[in-house]
Amino acid sequence: MRRPSHPARPPSPRRARRPAAAAAVRIGSFLLTLGACVVVAAHGNVTPQAVDTTGLAPVGQDWLNVNPYSGNPKAVEIGSSGFNQNCARCHGLEAISGGIAPDLRRLDNDCAGMKDKAARDGCVKDNDDYMITTVRHGRTRNGAVYMPPFEGVLSQEAMWAIKTYLESRREKPLPEAP
């Protein structure tokens, strides 16, 4: 066995920090993974809550594709409560997302910049339809549930009240009709 011609040197401060940095990276990765597992488990264990819609006019049995309560202050109040009970866990308090699910204040952003009223109204109608369909049926991708279905748990009135609340929280308010 060959011996080095120079005596053993103590490790440089830079070389000595490397194991500590590597350990910090491993610990950080572990904590992020653990946090992601907690978030996924929390999302899966959400128990939907019924929403009291007393004070709103019934909308009937047939599902609407346009919000019948748009601008209704009572619907905003009921929708705020319904959102906080059923949606805020993923979509954030006051509809300000923390990153788990889409920020619903931005749902109608594309519509806000439209100058043509007919085009803007059509855009809002399309978003209403998209939102109610998503809430009713949920979202699943590759077998993973990203959003549970709420049909059978929330009434149509409750879903539209939540949409009305979200309209009151829009990031870009729609221009007033001329």
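Round to the nearest 10 and report in Å² the accessible area of residue 52, as given by a 1.4 Å probe over the protein chains' heavy atoms.
The accessible area of residue 52 comes to roughly 110 Å².
Taking the alpha-carbon centroid of each part, what is the distance from the stretch 44-88 to the stretch 131-145 in angstrom?
18
Using only protein heavy atoms and a 1.4 Å probe, report how much of residue 133 is accessible, in Å² to the nearest 10.
Spelled out: residue 133, probe radius 1.4 Å, area about 60 Å².
Quick check: pseudo-label points 7 Å beyond the Cα along Cα→Cβ at residue 49 and residue 126, how many nm apart are they?
Placing both labels 7 Å along Cα→Cβ, they lie 3.5 nm apart.
How do 125, 115 stack up against each other in accessible area, from largest to smallest, with a 1.4 angstrom probe?
115, 125
Taking a 1.4 Å probe, which of 139, 105, 89 shows the most accessible area, and what order do the others take after it?
Correct descending sequence by accessible area is 89, 139, 105.
Sorted by accessible area with a 1.4 angstrom probe, largest first, how do 110, 116 fall?
So, going from the largest accessible area down, we get 110, 116.
Provide the solvent-accessible area of residue 91, counting protein heavy atoms only and rolling a 1.4 Å probe, rounded to the nearest 10 Å².
Approximately 20 Å² of residue 91 is accessible to the 1.4 Å probe.
The values are calculated or read from the model by the stated rules, or taken from the named source; none is laboratory data. Quantities reported herein were computed from a predicted structural model and do not represent experimental measurements. A quick note on method: Cβ atoms are made from the backbone with ideal geometry, for glycine too, and the neighbour counts reach across all protein chains shown. What goes into the accessible areas is simple: the full protein's heavy atoms, side chains included, and nothing from ligands, DNA or RNA. Shrake-Rupley method; radii C 1.70, N 1.55, O 1.52, S 1.80 Å.
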